[in-house]
Every structure is written in structure tokens, then in C-alpha cells.
Amino acid sequence: MKKSNFLSLDSLSFQDFDENSELIPLMTPEDEEEINKEALPETLPILSLRNTVLFPGVVIPITAGRDKSIKLINDANKGSKVIGVVSQKDESVENPTAADIHQTGTVARILKVLKMPDGNTTVIIQGKKRFKIKEVLTEDPYIKATIEEVPEAKPAEQNKEFEAIIDSIKDLSLQIIEDSPNIPSEASFAIKNIQSNSFLINFVSSNMNLSVTEKQSLLETNDLKDRALETLKYMNMEFQKLELKNDIQSKVQSDMNQQQREYFLQQQMKTIQEELGGVNHDEEVEQMRARSKKMKWGEKEGKHFEKELAKMQRMNPQVAEYSIQRNYLELFLDLPWNKFSKDKFDLKRAQRILDRDHYGLDDVKRRIIEHLAVVKLRDDMKSPILCLYGPPGVGKTSLGKSVAEALGREYVRMSLGGLRDEAEIRGHRKTYIGAMPGRIIQSLKKAGTSNPVFVLDEIDKLANSNQGDPSSAMLEVLDPEQNSEFHDNFLEMGFDLSKVMFIATSNSLSTIQPALLDRMEIINVTGYTIEEKVEIAKRHLLPKQLKEHGLTDKHLKIAKPQLEKIVEGYTRESGVRGLEKQLAKMVRYAAKNIAMEEEYAIKVTNEIIIEVLGGPKMLRDKYENNNVAGVVTGLAWTRVGGDILFIESILSKGKGTLTITGNLGKVMKESATIAMEYLKSNAEALGLDPDIFEKYNVHIHVPEGATPKDGPSAGVSMLTSLVSLFTQRKVKSNLAMTGEITLRGKVLPVGGIKEKILAAKRARITEILLCEDNRRDIEEIKADYLKGLTFHYVSDMSDVIKLALTKEKVKNAKKL
């Protein structure tokens with residue numbers, strides 16, 4: 001035989017002996033007779049075998065790893081080379097005593113001892129005769145015992161029944177070798193060449209796939225015929241199993257495709273991984289199933305999860321879809337199905353929190369409290385979605401955070417600025433590699449509850465692209481009639497968003513899709529007055545900056561007059577973000593001096609403000625005098641709040657052309673043209689010679705040409721500028737105006753009134769001219785904002801001229 005496999009003694013593994021190993025000849029009847037004549041010694045060292053049984057005549061290699069076993073073999077190899085071999089009752093016992101071994105064993109002769117590279121000793125032994133232990137003499141350093149031979153009862157010669165059993169054993173052995181793919185075909189050569197019947201029985205018994213207990217039972221059977229019958233019985237069972245296995249394999253082999261083949265290979269790999277301490281795929285599935293039993297989902301969700309889990313269990317972990325399926329199931333388990341935080345509907349407490357975190361904004365806070373009151377009474381979220389609309393830096397996002405604290409809910413913020421892909425809202429389908437759920441579902445997973453306060457920041461900045469329309473996807477999220485079954489493409493199931501309190505924020509309403517705008521209630525969060533900014537700086541911004549820079553109010557003090565100087569001279573926005581940056585500079589001034597151990601003034605003065613921040617940068621907001629004809633102050637709305645706008649006109653000799661500059665948009669240019677045509681058609685009523693328009697060119701300019709400007713609000717300002725220019729009459733001092741004009745002479749209302757009023761107050765304007773229809777907007781504004789302002793309401797352009805211009809001519813008036 002080229003290669004034979006032998007059981008080891010201590011390692012429970014197989015050792016391979018190649019064709020270069022020394023071959024042991026098979027036992028002949030002559031050899032057997034010679035062995036029978038040998039007398040057994042009275043005392044023998046006893047070697048215990050962990051996982052096999054040695055039969056007489058059989059040659060096996062054993063690997064000794066235990067110290068006692070190695071010493072026994074070394075001592076015996078130097079002496080008679082005869083030892084007693086007995087099997088252990090329990091192979092897990094590391095240091096067996098006399099009580100741990102069987103009483104019947106086999107006397108063996110050591111044929112060869114080999115030192116292996118791993119440090120173990122391999123010894124080849126051959127069984128001689130059976131023996132029984134009479135008395136154990138010692139157990140140290142190894143077991144020694146007195147023995148007696150156990151004779152073997154052999155059947156009479158020419159016993160036909162025994163011969164038939166032997167023939168059956170030979171035939172069945174050859175058949176098993178032929179049908180079994182694990183036994184080399186050369187083994188049949190050994191069976192055919194065995195001449196001794198007892199050796200044949202022992203050889204087959206030794207090499208059968210039996211337990212140690214079963215082999216020990218065969219060894220202890222004294223009658224050779226009975227042992228042959230037992231051996232034949234075990235062989236028949238083995239042969240039947242082999243036939244059944246081969247039959248099953250032949251049936252399923254034709255149906256096995258590549259995926260099944262990979263599956264079986266994967267099962268083998270899994271077993272290897274378990275042996276090496278790797279991850280068990282089935283363990284992972286069972287962990288997920290155990291987690292699912294603790295979930296609060298309904299029957300529908302439970303069935304869907306079990307279906308998807310079974311699908312993952314059938315998958316090959318090496319394919320790309322497996323990781324997607326696992327991520328899907330983990331998401332399913334991590335989502336807060338029917339998990340809600342308990343609301344704290346103490347509206348007085350909510351009012352205190354809003355007042356604590358936000359100064360001013362009384363109308364906004366009142367509307368939020370009303371919203372919470374409705375939610376408390378109805379116990380659902382089917383009230384309108386709030387949209388906080390206003391310029392940057394006025395506290396829209398932080399209002400949502402305060403509402404979450406007031407209700408005791410989790411706070412989630414999702415920025416929509418620049419979002420162009422619809423899949424960011426609805427998620428990707430699972431069929432794609434790298435598929436992920438939408439950001440709505442991801443945010444709810446992070447929140448851990450199904451009813452957080454969800455702030456959709458900058459909803460006006462959603463953009464369309466070739467990846468779809470995200471604003472349309474938001475319709476289902478924000479519609480109270482639809483969002484109870486919000487469908488995410490990755491989740492493939494409806495998730496209830498009806499308990500979520502959505503609060504959107506926006507800087508502009510013009511870019512929001514009309515259908516989306518219709519589902520929200522707009523709350524206008526306007527800018528702050530100078531007084532409010534000073535209070536916000538004192539209560540919130542300065543303490544925050546001191547804390548962030550590691551300082552306290554003992555290190556820097558800024559009084560109200562100095563705060564007002566910073567607000568007026570260094571900020572022109574509606575919000576307070578720019579103001580916070582200026583305060584941060586002041587705090588860094590103190591921090592630097594403290595770190596460098598230099599003296600500095602703890603109380604900030606006007607001189608220190610100029611030293612740290614430089615000269616005032618926003619004096620441009622101040623009203624300019626009215627000593628020049630054709631200069632009018634207008635009011636404009638911008639994305640960062642209200643602002644004042646100067647309209648300048650000048651005459652030059654020419655042919656009556658109109659030039660408009662200042663980076664103006666189409667609507668403002670049209671307003672200038674309308675104002676000029678109205679002036680021409682009403683020249684006589686204004687005391688002007690109609691021919692004058694043919695002698696002079698008119699140039700209208702709006703300063704700060706680098707800034708684009710557009711909108712109808714400058715119509716009345718342009719008309720007043722032109723009338724002042726041609727009549728050389730003064731414009732009323734400290735007056736600003738806003739309104740749209742028509743060719744019929746009508747003044748139309750415009751928007752952004754509150755922001756424009758705040759801009760006028762910042763510029764020290766005292767009188768404001770508005771359309772009559774804007775009176776209702778003024779009545780809605782808090783009285784404190786209107787203090788020190790006088791309003792003039794007009795409906796016709798003739799009223800504008802009467803109210804805006806004085807009869808007094810400007811200095812150095814031109815004679816036209």
C-alpha cells in the first residue's frame with residue numbers, strides 16, 4: 001500500500017505514513033503459531049490508549065504525548081520491548097489511573113520508535129496475546145501490573161459454519177472497500193493475502209469505524225466464532241449505511257446546481273470557522289430571531305421579518321446580496337417600531353423654555369404654544385406642519401430644539417440644503433449594490449423613538465435633478481393624510497410618521513414647490529430690532545462665547561451702550577449670527593491677554609471696540625441728507641432681512657434718453673421706465689414743461705452695483721426721485737418708502753413689511769410711506785417695533801408726491 005491512515009494515541013487526529021515508511025508484513029499462520037508458543041512475562045508496564053483498541057497480530061502506530069507514556073516507551077525500548085496495552089474507559093481523562101482503564105488488553109511488542117518534529121514520540125507496535133490485569137503494583141512513574149493470559153476458544157478444524165463466516169467477512173470487506181471512496185483500493189490486496197482466520201477477524205475489527213467501547217467488547221469476546229459473528233454484524237450495518245449513502249448521493253447529484261454546491265462547501269467552511277473561533281452564520285440568524293421576539297411590531301411586520309430572515313439563512317454569505325440583506329434586517333430590528341417617548345404637555349413649562357432660549361419672537365412663540373395645545377387636546381399629530389420662515393440667524397432651527405426639550409421628545413435635525421437625489425428621502429431599492437435607506441428612516445433609527453421633533457432645515461433649498469424631485473418625495477412625509485404609511489424603497493414597508501412633529505425652516509417661500517407649501521403653515525420669523533439684539537447679546541450670545549473660550553463674566557464685561565455700538569456699527573443683518581462673530585472677536589481679545597499675562601481692560605469701552613473690531617463698517621445704513629435733488633431712500637427685502645436702498649437720479653443735456661445702472665433686475669428696470677412715463681404724462685399737473693424731457697438725458701442709479709437688486713418695491717422711490725430731480729424740490733427728511741406703481745397711477749402693496757420696518761429703524765428713519773393696503777401688515781406688528789415711527793398710507797402716485805416732497809427747493813437748484 002502506498003499510504004495508510006492510523007489513529008493516534010494522544011491527539012485524536014490521523015497521522016499519514018507515506019510509501020517510504022518501513023512496511024510491516026502481514027501475519028501468517030506460522031507467525032501466529034510462534035506467538036502462541038511465547039510465554040508471557042508475569043509483570044508488564046501498562047500503556048493506556050486514549051481512542052483505540054489493539055488486537056492480537058495487528059500492527060498500529062501510536063503517538064505518545066503524555067510524559068508517563070513517553071517514559072514507559074523509552075524504558076521498554078531499552079529493555080525487552082514488551083508492554084501491555086489497555087484502552088481507557090473515558091478518553092477525556094488526561095492522567096488515567098488503574099480505575100480508569102479496562103482490565104482486558106493486549107500484550108504488544110515495540111517494533112520501532114520515531115521522534116517526530118513536533119516533539120511527540122511515535123511508536124509502531126504489534127499485538128501478541130490477550131491478557132487480563134491481576135494486580136496493579138504501582139502507578140508511578142507509570143502503571144505496572146501482574147497479568148495472566150486470556151486463552152482464545154477456537155472452533156474445531158473444518159467447521160463449515162465458521163469457514164462460511166470467514167468467507168462472508170472477506171467478501172463483505174472487499175465490497176466495502178470497493179464502494180467506499182475513503183478507503184484506498186490497495187486495501188483489498190491486504191484482505192486477500194491474509195491467511196490466518198483469527199488475524200483476519202482482528203484486522204477487520206481493528207479497522208472498522210466502531211467506538212472504543214464496541215471494539216473493547218469484541219476484544220473481550222473469548223470465543224473466536226462469536227467474535228467473528230459480531231464482527232460480521234457490524235460489517236453488515238456499515239455496508240447498509242454505505243449503500244444508503246451512495247443511493248442518496250446518486251439521487252441528489254443530478255439535481256445539484258452550482259449554488260447548492262457552493263452552499264455545501266460553505267457549510268464545511270462554516271465548520272472550519274467554528275473550529276478556528278470564527279463567526280457562526282446560524283448563530284447570527286438565531287441572535288436576530290431572538291431580538292425580533294422583543295420587538296413591539298405588529299403581525300404584519302413580524303411575518304415580513306421572518307420571511308426576510310429565512311431568505312438570508314438560505315443565502316451564501318460570500319455573495320454581495322448577503323451583506324445587503326443583513327443590513328436590511330439589522331435596520332428592521334433597530335427601527336423604533338411603536339416605540340414612543342412620553343410627552344410632557346405642561347404648556348406653562350414649554351412657555352418658560354421658549355422664553356428662556358429666545359428673546360422676542362412673541363408671535364412665533366404664541367403660535368407654537370397654540371400648536372402644542374391642539375396636539376395635547378387631540379392626542380395626535382394631524383395638525384398642520386409648521387414652517388418657520390425668515391432670514392438666517394433669527395433662531396428658526398433652535399426653536400425646534402426648544403420645542404423638543406419642552407415636550408420631552410428626542411430632537412432630530414435633517415439639513416435639506418442642496419439635496420438633489422430623491423433616494424435621499426425615499427431610499428434605494430434593495431436590488432442595488434450599496435443600497436441604503438432614506439435619511440428620514442435613518443434619522444428615526446438614530447432618534448430611537450417614533451415621535452421625535454423632526455426639524456427639516458432649509459426646505460426651500462431642495463433642488464431638482466436627473467435623480468428625481470426630492471420636494472415631491474417630501475409631500476408624503478409632510479402630508480398628515482399620507483404619512484401614517486410612509487414607504488421607504490429600502491424598507492419595503494410602510495412606517496408610521498404620523499406621531500412625528502415636523503418643523504420645517506425656510507429662508508424663502510418662492511423656491512418651495514406649491515404643493516409642498518400648501519401642506520405647511522407658514523410662521524414668519526422676522527428679524528430683531530436694535531434693542532432686541534442688545535438683549536440677546538447680553539443674555540445669550542456673550543455668555544455662550546465666554547463659555548466656549550474658557551472664560552467667565554469676571555474676565556470680560558460689555559455694557560449695554562457698548563453692545564448697542566457693536567450692533568449699530570458692525571452688523572446690518574436681521575439675525576444675530578454676525579453679531580455673535582463680533583462678540584467672539586471681543587472675547588478672543590480678552591483670552592489672548594489672559595493667556596499672555598498682559599494687562600487689559602475688563603470693562604469694554606468704545607475705544608477698545610474700535611481697537612479690536614476696527615472702525616464702524618455699517619454707517620452706510622444711516623439716512624443721508626436731503627440737500628441733493630433726486631436722492632430718495634427706499635426700503636428693500638433681502639434674504640438676510642430688510643435693508644435700505646438709495647435711489648439717485650441726475651440730469652444732463654441731451655436728447656431725452658433714460659439710462660439705468662446699479663446691477664438692477666428686469667422688474668426694477670421696468671419700475672424706472674413706468675415712473676418716467678408717468679412723469680411725462682403728468683408733467684403739466686406737476687408744473688413742468690413737457691418739452692423739457694426732450695432736452696435732458698436722465699440717469700437713474702442704485703449704489704452698490706456689485707450687489708444684484710430686483711423687485712417691484714422701488715417703484716414709488718424711483719417716481720419720487722424723478723419728480724424731485726425735475727422739480728428740484730427737497731425730499732422730506734428722514735423719510736423712507738416702499739411700494740409698486742402702475743401706469744394708471746396706482747400704488748400697489750408689497751411684502752416683507754416687518755423686515756423693512758426694522759431696517760428703517762436701524763437707519764434712524766422716522767417716517768415711512770406705504771401703500772394703503774399694507775396698513776393691515778402694520779397692525780399685525782408688535783407696537784414696540786413701531787415706536788418712534790410715523791406711517792403715511794397712499795393709494796395713488798399723486799399722494800406719494802404730495803407726502804414725499806416739500807415745496808422748498810434744494811440748495812443750488814438748477815434752472816431747467
With a point put 7 Å past each Cα toward its Cβ, work out how far Ala190 is from Glu220 in nm, to one decimal.
-> 2.7 nm
Length gained if Arg588 through Glu152 is fully extended, taking 0.36 nm per residue and subtracting the Cα-Cα distance, is 146.5 nm
Chain lengthening between Val285 and Leu111 when straightened (0.36 nm per residue, less Cα-Cα) = 57.3 nm
Cβ-based exposure ranking for Ile753, Ile594, in which fewest neighbours within 10 Å come first | Ile594, Ile753
Around Thr505 (Cβ within 11 Å, Cβ-to-Cβ, excluding Thr505; K/R +1, D/E -1) the net charge comes to 0
Residue by residue, what Karplus-based ³J(HN,Hα) values in Hz, rounded to whole numbers, does segment 569-577 have, using 6.51, -1.76 and 1.60 with θ = phi - 60° and x for Gly and Pro?
-> x, 10, 9, 9, 8, 7, x, 10, 5
Pairwise label distance in nanometres, Glu139 with Gln313, each label 7 Å out on the Cα-Cβ vector = 4.9 nm
May I ask you to derive the FRET efficiency for Thr661 and Glu521 from their Cβ-Cβ distance with R0 = 35 Å, giving the value to the nearest 0.05?
-> 0.25
Which length gain, in nm to one decimal place, applies between Ser510 and Lys554 when the Cα-Cα distance is subtracted from 0.36 nm times their residue separation?
-> 11.1 nm
Given a cut-off of under 8 Å on Cα pairs at least six residues apart, what relative contact order in percent is computed for the chain?
-> 7 percent
Over segment 635-733, what is the mean sequence separation of C-alpha contacts under 8 Å (at least six apart), divided by residue count, expressed as relative contact order in percent?
-> 42 percent
Between Val455 and residues 5 or more places away or on another chain, the pairs with built amide H atoms under 5 Å apart involve Val412, Arg413, Met414, Ile503
Considering only Cα-Cα distances, which of the following residue pairs are longer than 21 Å: Lys533/Lys761; Lys756/Lys782; Lys709/Lys787; Lys71/Lys112?
-> Lys709/Lys787
For a paramagnetic label modelled at 7 Å from the Cα of Ile602 toward its Cβ, which residues of segment 531-552 fall within the zone defined by backbone nitrogen distances under 15 Å?
-> 551-552
If you place +1 on the Cβ of every Lys and Arg and -1 on the Cβ of every Asp and Glu, how big does the dipole about the Cα centre of segment 482-541 come out, in debye to the nearest 20?
-> 340 debye
To the nearest 20 debye, segment 718-796 has a Cα-centred charge dipole, built from +1 on Lys and Arg Cβ and -1 on Asp and Glu Cβ, of 340 debye
Residue among Val631, Pro561, Gln268 farthest towards the positive dipole end of the chain, charges placed on Cβ = Val631
Exposure proxy check: Val150, Val319, Val477 ranked by fewest other beta carbons within 10 Å?
-> Val319, Val150, Val477
Out of His428, Ser180, Val394, whose Cα points farthest toward the positive end of the dipole of the chain (charges: +1 Lys, Arg; -1 Asp, Glu; placed on Cβ)?
-> Val394
So how do Phe791, Phe305, Phe239 line up by other beta-carbon neighbours within 10 Å, fewest first?
-> Phe791, Phe239, Phe305
What are the residues whose amide H is under 5 Å from the amide H of Gly468, where those residues sit 5 or more places off or on another chain and H is modelled from the backbone?
-> Glu422
Which of Val698, Gly642, Ala763 sits closest to the plus end of the dipole of the chain, meaning its Cα is farthest towards the positive end, when Lys and Arg get +1 and Asp and Glu get -1 on the C-beta?
-> Val698
What is the distance in Å between the Cα centres of segment 287-351 and segment 657-713?
-> 66 Å
Segment 384-423 to segment 507-555: how many Å between their Cα centroids?
-> 12 Å
What spacing in nm lies between the two simple spin-label points modelled at Asn95 and Lys461, each 7 Å away from Cα in the Cβ direction?
-> 7.5 nm
Computed magnitude of the charge dipole of the chain (debye, nearest 20; Cβ of K, R +1, Cβ of D, E -1) = 5860 debye
Alpha carbon centroid spacing (whole Å) that separates segment 478-499 from segment 161-176 = 75 Å
With a Förster distance of 30 angstrom and the Cβ-Cβ distance between Phe791 and Ser652, calculated FRET efficiency to the nearest 0.05 equals 0.25
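Here, each number is a calculation from the coordinates, and none is a lab measurement. In this text the structure is predicted, and so the values were computed from the model without any measurement. Here the Cβ is made from the backbone with ideal geometry for all residues, glycine too, and neighbour counts use every protein chain on show.
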